[in-house]
1. Of all residues in segment 100-137, which are modelled with pLDDT of 90 or more, hydroxyl-bearing (Ser, Thr, Tyr) and over 14 Å from the mean Cα position of the chain (by Cα)?
2. Just to be sure I understand, how many residues within segment 12-39 are touching a residue at least 60 places away in the same chain (Cβ under 8 Å) and farther than 20 Å from residue 81 by Cβ?
3. Could you please tell me which pairs satisfy a Cβ distance under 9 Å, a separation of 6+ or placement on different chains, a first residue in segment 40-51 that is touching a residue at least 40 places away in the same chain (Cβ under 8 Å) and more than 13 Å from residue 71 (Cβ to Cβ), and a second residue that is outside any helix (DSSP H, G or I) and of a type outside the set (Val, Ile, Thr)?
Amino acid sequence: MENNENVDWDKVNRGKVRYGFALELYKKGEILKPSTMGKIEGFVQYVMDGPDYDTDDEGKPDKSNPKLMPKEECKKVIKEESEGSKAFVKAMVHIDAEGLKDNDLEKVLQALKTGKITMDNLQASLDKIQQIKQSYK
């Protein structure tokens, strides 16, 4: 890549972290499947965003958007549900959608509701959500 101006470094770094976790699974002889990919995404989120999803950038309590599932409920679903389930996909999207502007949030929630976001395209959808958030900066 010749021009580094348009590089989304957050996406690049998330990919590197994701690769590290996937490589460790491979070394253990495990294969990537929806359940392990979901766990990897949980680790990537933890590594990239830190352990406390319940505070804003200044460490103050985060007032979640009432249109989204509460973060604690999302975490519980991610931990307990099958990673390919609709509930898992919904929880992952709801966690990542926090911080979207209302019009973008409505589009994401509509895509989720109408089945346009599935386990097959979950990662691409989460990447797009992150890209939208980066455009706010």
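1. 114, 135
2. Taking segment 12-39 as the starting set, the residues that turn out to be touching a residue at least 60 places away in the same chain (Cβ under 8 Å) are 14, 34, 37.
Those left that are additionally farther than 20 Å from residue 81 by Cβ: 14.
Final tally of qualifying residues: 1.
3. Listed by first residue and then by second, the contacts come to 41/83.
The values are calculated or read from the model by the stated rules, or taken from the named source; none is laboratory data. None of the values given here were measured: they were computed from a predicted structure. In this analysis, Cβ positions are derived from the backbone assuming ideal geometry, glycine residues included, and neighbour counts consider all displayed protein chains.
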